[in-house]
């Protein structure tokens with residue numbers, strides 16, 4: 001009788017991959033090629049195939065927050081490679097596992113002894129206090145940068161679990177990716193066409209000097225507006241930004257979001273990003289924002 005790995009290589013690869021990826025992350029062993037070879041032997045797969053499986057495996061579930069660690073990093077809602085060829089796998093890994101995780105870690109360190117700023121892990125509530133006297137001066141900059149960085153990637157004001165990450169998704173027809181629903185109607189009504197809106201949004205995103213974000217927000221007048229913010233600021237920081245509002249759509253224009261694939265060509269990154277923009281999710285954020293005003 002043939003061994004189980006020969007009978008069911010796909011199942012074996014999948015189960016072994018998940019177990020080994022968790023081990024490698026816990027032990028910081030991702031770079032060791034011997035584990036990829038071990039997986040290949042176990043699963044009767046080639047080392048290259050095993051390596052691809054390891055690289056593409058989804059992030060493990062976040063460690064539950066504790067009283068001293070009120071904020072946690074959720075896993076991506078898709079595989080690291082799901083947005084290829086528009087957003088490359090390595091960028092997704094580094095952006096989520098390193099840059100976003102660093103913001104969460106620094107935020108937890110800043111508020112570790114200040115339970116009044118934990119808000120049950122709802123970082124949107126903390127972001128709203130940035131720039132106000134409610135945040136002690138000695139941690140004001142850490143909260144602004146790291147609560148902002150965590151929020152901009154993760155939590156929207158309507159209570160969804162993620163923002164930037166869920167506003168991207170693999171598409172069946174990426175080159176014909178269009179707005180949908182009430183948001184589509186609002187974009188056409190206010191900007192005359194999707195192409196006109198894209199041009200204005202691209203111009204704003206490219207013009208944002210240095211690091212930052214480009215946003216489509218809805219204001220108290222229930223109208224859409226294109227705006228940008230520097231560093232990790234965002235439209236919920238009413239005390240700090242010139243144009244506050246509720247996020248509907250956002251793109252990260254920090255270089256770590258695109259440099260491995262696009263180098264210094266931010267416009268090329270934006271052209272790719274439109275192919276994976278999750279308009280269904282953006283429409284849900286738009287509806288929630290309208291309901292909150």
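Where a number appears in this text, it was derived from the coordinates with a stated rule and is not lab data. In this text the structure is predicted, and so the values were computed from the model without any measurement. Neighbour counts run over all protein chains shown; Cβ positions are idealised from the backbone, glycine included.
A crude spin-label estimate for the pair residue 99 and residue 204, with each label 7 Å from Cα along the Cβ direction, gives 2.0 nm. With a Förster radius of 22 Å applied to the beta-carbon distance between residue 256 and residue 171, the computed FRET efficiency rounds to 0.40.
Packing, taken as the mean count of other beta carbons within 10 Å per residue, orders the peptides 143-151, 280-288 from highest to lowest as 143-151, 280-288.
When peptides 263-276, 241-254 are ranked by their average number of other Cβ atoms within 10 Å per residue, the highest-first order is 241-254, 263-276. Sorted on the mean count of surrounding Cβ atoms within 10 Å across their residues, most packed first, peptides 175-185, 125-135 read 125-135, 175-185. The length gained by stretching the chain between residue 293 and residue 184 to full extension, at 0.36 nm per residue less their Cα-Cα distance, is 37.3 nm. Neighbour counts of other Cβ atoms within 10 Å put 224, 240 in the fewest-to-most order 240, 224. From the alpha carbon centroid of region 77-116 to that of region 170-224 is 24 Å. Here each label is just a point 7 Å from Cα along the line to Cβ, and for residue 280 and residue 194 those points are 1.5 nm apart.
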